[in-house]
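Just so you know, all these numbers are worked out from the coordinates, no wet-lab data involved. Because the structure is predicted, anything quoted here is derived from the model rather than measured. Heads up, the Cβs are rebuilt from the backbone with ideal geometry, glycines too, and the neighbour counts pull from every protein chain shown.
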Amino acid sequence: MAIDRLSFNGLRNLRNIDFQPGERINLITGDNGSGKTSLLEGIYLLGMGRSFRTRHLRNAIAHDSEELILHARLAGDPPVPFGIRRHRDSGELEIRLSGERLSRMSRLVETLPLQLINPDAFRLLEGPPAGRREFLDWGVFHVKHDFLDAWQRARRALKHRNALLRHDRMDDASLTVWEQELVTWGEKLDTLRDEWFEAFLPVFEDTLSGLLPLPGLQLRYSRGWDRRRILAEVLRQGRETDRQMGFTQQGPQRADLGIRINRRPAVEVLSRGQQKLVVSALKLAQGRLLEATTGRTCLYLIDDLPAELDSDHRRVFCEWLESMHCQVFITSVEQNALADLWQPSTPVSMFHVKHLNDGEGQLQPLDRQTS
Ligand SMILES: Nc1ncnc2c1ncn2[C@@H]1O[C@H](COP(=O)(O)OP(=O)(O)OP(=O)(O)O)[C@@H](O)[C@H]1O
Ligand SMILES: [Mg+2]
């Protein structure tokens, strides 16, 4: 799976770019503020429907544009065109795939599995569980076809239960109905997540051992409620305290991945660079497992790779990327920092983002070294 055409209009300082990325490694260089991260942001938006830089998509629209239009095409026979559009004054995201208008992002997410590794990546370890849950669910979503349905049903049941908990008078009959629904779909989610995790763990351990051997590192999945009790009982017995809190305290919505070293949280032990490598191993392992289970490859967006990785680790990281048959977009301020990291047989395409005087970023292909 590779994008062979990208065109962006009205994305930050990339007012109008149109280019043909290479099918494997794409190196993007340019000065500070030229638009490198914005380019990755555009691809991320196409695959996720949201930005990794702002919660308000409006901020990503170029100051002098009324709208943001991003188009891409997946290579293939036939090729698959898709795109998104967002007007400054409307909150709505227009989504298209092969000419068809979609009401939800999930089909685009499915079409373009992608992973982002950027200078904030270490936050996956130290940040709130929501980020790790999203990481976990990304994996399950792409390999288990019944995940999305179970996730949506569990979320709906949880919303209803929380709303009932906040009513002045407890409606026990309605609570029972929504609790049963939450139990059914919550347990299904747990089964799917647990099966995915069993497959993921050895791939992660193998990836990490090549990148940075860390004996004593343990990755664990926790389902979000007491391991010794069934969800139905947890919910029934938790009604009173949940009502006082105004929300459901335990359940699949609290699932998490715990990363510890010798029983202590990894963030308290590892250096920043080591944390980055652990997160890189997690994200590379996602792509490896996706490829092994479905035959599909994952697209990697890597912002500012040289930051905080020494040259040896950078080389091993790139070797992993090379060994996977995936398309990669890597940015760096310095051209030399990335150009020599690849085997002669790996197709590498190079682009430079030129910062024009009025602030606009333009993309220029550099000499291609493709063997
Ligand atoms: N909504 C917007 N409209 C127009 N320009 C914007 C908008 N938001 C940000 N910019 C500008 O877009 C430019 C590109 O920023 P970007 O973060 O992509 O640069 P970069 O090449 O990644 O830089 P660095 O090497 O410092 O990370 C910046 O000069 C920024 O000021
Ligand atoms: Mg940047």
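For the reader, a short list of remarks on this structure follows.
- Global geometry of region 66-128, whether rounded, prolate or oblate, following the gyration tensor of its Cα atoms and the 1.5 cut on a/c: oblate
- Rounded to 10°, Cα long-axis angle of helix 147-165 versus longest principal axis of the chain: 50
- Computed lengthening from ARG156 to ARG104, 0.36 nm per intervening residue step minus Cα-Cα distance: 17.1 nm
- In plain terms, the C-alpha convex hull of region 18-140 casts an average shadow of 9.3 nm² when viewed from every direction.
- On full extension, the segment bounded by SER222 and ASP168 gains 16.2 nm, given 0.36 nm per residue less the C-alpha separation.
- Neighbourhood net charge (10 Å Cβ-Cβ; Lys/Arg +1, Asp/Glu -1) for GLY49: +3
- Cross-link partners for LYS36 among the lysines, with Cα-Cα distance under 18 Å and sequence neighbours closer than 8 places in the same chain left out: LYS354.
- Top positive-direction residue, dipole computed over region 197-252 with Cβ charges, set GLN237, LEU201, PHE247: GLN237
- Modelled label positions at ASP89 and GLN335, each set 7 Å beyond Cα in the direction of Cβ, lie 4.5 nm from each other.
- Within a Gaussian network of the chain (alpha carbon springs, distance under 10 Å), most fluctuating of LYS354, LYS159, LYS36: LYS159
- Compared with the dominant Cα axis of the chain, that is its longest principal axis, helix 129-143 is turned about 80°.
- When the Gaussian network model of the chain links Cα atoms closer than 10 Å, the mean-square fluctuations of ALA173, ALA232, ALA154 top out at ALA173.
- Springs between Cα atoms under 10 Å define the GNM used for the chain, and in it the highest mean-square fluctuation of ARG132, ARG104, ARG15 occurs at ARG104.
- Size of charge dipole - the chain - debye, nearest 20, with Cβ of Lys, Arg +1 and Asp, Glu -1, no other charges: 1000
- Top positive-direction residue, dipole computed over the chain with Cβ charges, set SER332, ALA72, ILE95: ILE95
- Test item: Cα-centred dipole of region 154-219, Lys/Arg +1 and Asp/Glu -1 on Cβ, debye: 420
- Phi angles across region 104-112 convert, under the Karplus curve 6.51 cos²θ - 1.76 cosθ + 1.60 with θ = phi - 60°, into 3J(HN,Hα) values of 10, 6, 3, 5, 6, 4, 5, 5, 10 Hz, Gly and Pro given as x.
- Along region 298-310 the Karplus relation, 6.51 cos²θ - 1.76 cosθ + 1.60 evaluated at θ = phi - 60°, assigns HN-Hα couplings of 10, 8, 10, 10, 10, 9, 6, 4, x, 4, 6, 10, 6 Hz to successive residues, with x for each Gly and Pro.
- Leading residue at positive end of dipole, region 127-296 (Cβ point charges), from GLY295, LEU284, TRP151: LEU284
- Only Lys, Arg (+1) and Asp, Glu (-1) charged, at Cβ; region 127-296 dipole about Cα centre in debye: 460
- Ellipsoid equivalent to the chain - semi-axes via the Cα gyration tensor, in Å: 38, 26, 18
- To the nearest ten degrees, helix 231-245 and the longest principal axis of the Cα atoms of the chain are 90 degrees apart.
- Separation of alpha-carbon centers, region 42-69 and region 187-243, rounded to whole Å: 33
- With the simple spin-label model, which puts each label point 7 Å out from Cα in the Cβ direction, the GLN180 to ARG50 separation comes to 3.3 nm.
- Derived scalar couplings between HN and Hα for region 330-345 equal 10, 10, 6, 6, 9, 5, 5, 5, 10, 5, 9, 8, 10, 5, x, 7 Hz in order, rounded to whole Hz, by the Karplus curve 6.51 cos²θ - 1.76 cosθ + 1.60 (θ = phi - 60°), x for Gly and Pro.
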